[in-house]
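As structure tokens, the structure follows; a few thoughts come after it.
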Amino acid sequence: MRKLIEGAGKLGIKLTTRQVKQFELYYQELIEWNKKINLTAITDYSSVQVKHFLDSLTITLALSEKEVASPDFKIVDIGTGAGFPGVPLRILFPQPRLVLLEPTTKKTAFLHHIIRKLDLQSVEVLNSRAEEAAHLPAYREQFDLVLSRAVALLPTLVELALPFCRIGGRFIAQKKGEIEQEITGAKKAIAVLGGRLDQTKKIELDEFTDARYLVIIDKISSTPSEYPRRTGVPKRRPI
């Protein structure tokens, strides 16, 4: 895990021996399960360390130590897939409550498995689509931090994610490449859903060969009850 350890160090993170062992086990289980179900196209040891594990940990650039030290801090990871960025963040920060939202049943089976294998506490796996879960009282506007990585274009993603975010919380979308057009296209959705663009933070790490960003959106007012619209509509007809 040398590449992960070095990259994390540049983020100001010193991984413990236990955490390094957890990431090693995470890699082994990811590759083993990937033989049976499609979890990731990235399987090379070095690439997983950088493109999955380290990339997930870049979220820490937008977090404070006080937030992640609290068991009252609630995080939801929308469309988490094989657990990114939620599980790497849980390895790093054991305190906050974490919900991993994933609509694909086979992937949720892996998530349950990896949570047990890594002995992670206070993690819930929710097998549901965001369009449905966001209307449930247990999840609607209940989270301090909403995360999403490589799920959809920003105008769609905002509608899927912001309904989970409490007023005063924030949504962080991990994006890469040319994102200016995406951000411009999402301005109306951000306003309608009760958000306000705080900043776009560029990730400055040599480990990444492409441009990567954290798009940080504050939740400043309640999301209208009709959002998100029914399954598939946010993608077909963005606000």
| message | Give me the percent relative contact order of the range 58-236, please, defined on Cα pairs under 8 angstrom at least 6 residues apart. | response | 19 percent
| task | State, in angstrom, two size descriptors of the range 16-123 derived from its alpha carbons: Rg to one decimal place and Dmax to the nearest whole number. | result | 13.2, 40
| task | Report the charge-dipole magnitude of the range 195-239 in Debye, nearest 20, computed about the Cα centre from +1 at each Lys and Arg Cβ and -1 at each Asp and Glu Cβ. | result | 520 debye
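Please express the shape of the range 137-216 as an equivalent ellipsoid: the semi-axes are the square roots of 5 times the eigenvalues of the C-alpha gyration tensor, given largest first in whole angstrom.
After scaling each eigenvalue by five and taking roots: 23, 14, 10 Å.
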| field | Share, in percent, of DSSP beta bridges within the chain that are antiparallel, nearest 5 | value | 40 percent
| request: Compute from the Cα atoms of the chain the Rg and the Dmax, the latter being the longest Cα-Cα distance, and quote both in angstrom. | output: 16.8, 47
| Karplus-derived 3J(HN,Hα), 6.51/-1.76/1.60, for each residue of the range 199-204, Hz, glycine and proline x | 6, 10, 9, 7, 7, 9
| task | Quick one: which residues, 5 or more positions from Val99 or on another chain, have an amide H under 5 Å from its amide H? H modelled 1.01 Å from N in the peptide plane, none for Pro or chain starts. | result | Ile75, Val76, Asp77, Glu124
| field | Order by protection proxy (mean Cβ within 10 Å, highest first), peptides 154-165, 172-183 | value | 154-165, 172-183
| said: Apply the Karplus curve 6.51 cos²θ - 1.76 cosθ + 1.60, θ = phi - 60°, to the phi angles in the range 212-219 and return the couplings in whole Hz, x for Gly and Pro. | reply: 10, 9, 10, 9, 10, 10, 7, 9
| message | Just to confirm a number: summing +1 for Lys and Arg and -1 for Asp and Glu over residues other than Leu153 whose beta-carbon lies under 9 angstrom from that of Leu153, what do you get? | response | 0
| message | Contact order normalised by length for the range 1-90, with contacts defined as Cα pairs under 8 Å and 6 or more residues apart; what percent is it? | response | 33 percent
| field | Relative contact order [Cα under 8 Å, 6+ residues apart], the range 38-143, whole percent | value | 24 percent
| task | Give, as a single signed number, the net charge of other residues whose beta carbon lies under 15 Å from the beta carbon of Glu102, with Lys and Arg counted +1 and Asp and Glu -1. | result | +1
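No value in this document is a laboratory result; all are computed from the given coordinates. Just so it is clear, the structure is predicted and the values come from calculations on it, not from any experiment. Heads up, the Cβs are rebuilt from the backbone with ideal geometry, glycines too, and the neighbour counts pull from every protein chain shown.
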